[in-house]
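Right, one structure below, let's go through it.
No lab work stands behind these numbers, since they all come straight from the coordinates. These numbers were taken from a predicted model, which means no experiment stands behind them. Here Cβ is always computed from backbone atoms with ideal geometry, including for glycine, and neighbour counts include all displayed protein chains.
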Amino acid sequence: MSESLFTQLLDLACGAFLLAAVVVLWRRELAAIVRVFALQGVALAAIAVLLGVHEERWDVVGVGVGIGLLRAALLPYLIRRALIALVAGRAHDEARETQPVVNVAASLLTAAALTLLAYAVARPLVELDPTPATRALPVGIAVLLIGFFVLVTRRRALAQVVGFLLLDNGITATAFLAASGVPLIVELGVSFDVLLAVLVLQLLTARMREAFGTTDIDDLRELRD
């Protein structure tokens, strides 16, 4: 693969990766958010595979394929199952993020500010080694920050799960872009931890709905008070 083609494809994958995080902030329907998260998993896998093919590191390519199966297929499937259970339980209002802490317009402006912050923070690192991968490093940091923002500003438990997974995707992308991949055993360990966390959160979400009739965190806080 030529250097110019690699750069173009990597920029395309990173652009799709960042755009997916912004779209998650824009959309309120949880089903649409899960679909966008799955597409982001495809973009993350593409980043890893491109880096592996360019450097002829087939272990990195294998990790990229595994990331695609986990982040673009298995995790969205588990979240979708939890969402279907909410709707089947006649909790139709649970299928939509109706009242986020920050409205959509302010969220998009915040995403732009966080992206600019990511580029400012990563600039010294990029200048140290200005390769195509390190020049895309701010994208991973931006998605990490946006994921944290989603985690703290969404009221629905499932939306917060997606925010947690966005944050994890940002960490993974940053590791790949900064170090051109991570050891297979490390990625497997992290992936199993994430999978376990999602399974636990899915179970807790179902229990919350059965016990309290809602997964709105603010409503549950009022019950405690």
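Please work out whether the stretch 1-71 counts as rounded, prolate or oblate from its C-alpha gyration tensor, where a ≥ b ≥ c are the square roots of the eigenvalues and a/c under 1.5 means rounded, while otherwise a/b larger than b/c means prolate and anything else oblate?
oblate
Return, ordered by residue number, the residues of the stretch 123-138 whose backbone nitrogen is under 15 Å from a label point located 7 Å along Cα→Cβ of Glu3.
129-135
Using the basic label-point model (7 angstrom from Cα toward the beta carbon), what is the Asp59 to Ala73 distance in nanometres?
Each label point is offset 7 Å from its Cα along the Cβ direction, giving 2.4 nm.
Please list, in chain and number order, the residues 5+ apart from Arg96 or on another chain whose amide H is under 5 Å from its amide H, with Hs placed from the backbone.
Those qualifying (amide H under 5 Å, at least 5 residues apart or on another chain) are Leu30.
In nm, to one decimal, how far is the Ile84 label point from the Asp129 one, both placed 7 Å along Cα→Cβ?
In this crude label model, Ile84 to Asp129 measures out at 4.4 nm.
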